[in-house]
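Enquirer: Here it is, the structure in full.
The values are calculated or read from the model by the stated rules, or taken from the named source; none is laboratory data. The structure presented is a predicted model; accordingly, all values stated were derived computationally and were not measured. Remember, those area values only see protein heavy atoms, side chains included, never the ligands or the DNA or RNA. Shrake-Rupley method; radii C 1.70, N 1.55, O 1.52, S 1.80 Å.
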Amino acid sequence: MIRHVPGHQFLRKPLAESCTGIVYDLDRHVRLRSSKSHMSARLTFAKEYLNKPIEFWKNVLWSDETKIVLFGHESARHVWRVNVTAYDQKNTIPTVKYGGGSIMVWGCFSFTGTVKLSIIEGKMNGQMYRQILDDNLQSSVEKLGLQGDWTYQQDNDPKHTAKATSEWFRQNNVNVLKWPSQSPNLNPIENLWHKFKQEVHKRKPA
C-alpha cells in the first residue's frame, strides 16, 4: 500500500488477510495457499463445531510446536517510512551471524491455563513426539483439570498422524479432534505463541 503525503511517499506492507483462500500464520506471516478441498474441509469443520457448548471447548487440550528465535524476530516486521530511507538505522533491525540461536518447544494449554513447555532436542520425529506425549500429556490433563471425555487437538503434521502415533492415541484412549489441513489460524495456541515470543524478546536472552 502506498500512502501519499505532500512531498513524501510512505510505504507499508499490507497485513490484511485475503478472502481468496489464503491463510496467514499469525507468527510467521507466511501465506499458506488453501486448495478448494482445504477450504471445503474448513467449512465442514466450522459447521460441525459451530454449536458445540462451551463445556466442550473447556475440555479441549490445544497443542503445537514452535521455534523461538533468541535474537531478533523470525516474523515479518513493518514500518512506516519516507521513500528512499529503507536503510536508515531507525528503519532497520540488527542481526547476528547464524541468526543468534533458537529453540524448538512443544506446549499445550486449555481453558483453565497452561503447563510447562517441553524442549525439543534436535529434529523431532514421530518417536520423539510420542515420547513427549508419554512424558507430558497425562500430567497436563491432570494439572489442567480436564474432565471425562476430554479432547486433544493437534495439527496434521506427518509426525502427528503417523500410524504409530494414531496407535498410541488408541492405546491410551485419547480422543483426537479431527483437524482441517492448512488451518493454523483456527488454533488459539497461535495467539499464545505470539504473546509468549514477545515476552521472550523483551528479556533479550543471550
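Enquirer: Relative contact order for region 121-206: what percent, with Cα pairs under 8 Å and sequence separation of 6 or more?
Expert: Computed over region 121-206, the figure is 28 percent.
Enquirer: To the nearest 10 square angstrom, how much accessible area does residue 68 have with a 1.4 angstrom probe?
Expert: Roughly 0 Å² of residue 68 is accessible to a 1.4 Å probe.
Enquirer: Would you list 167, 190 from the most to the least accessible area, probe 1.4 Å? Numbers along the way, then the final one.
Expert: Numbers: 167 65, 190 15 Å².
Result, largest first: 167, 190.
Enquirer: Lysines near residue 163 by alpha-carbon distance under 26 Å, same-chain residues fewer than 8 away left out - which ones?
Expert: 67, 123, 178
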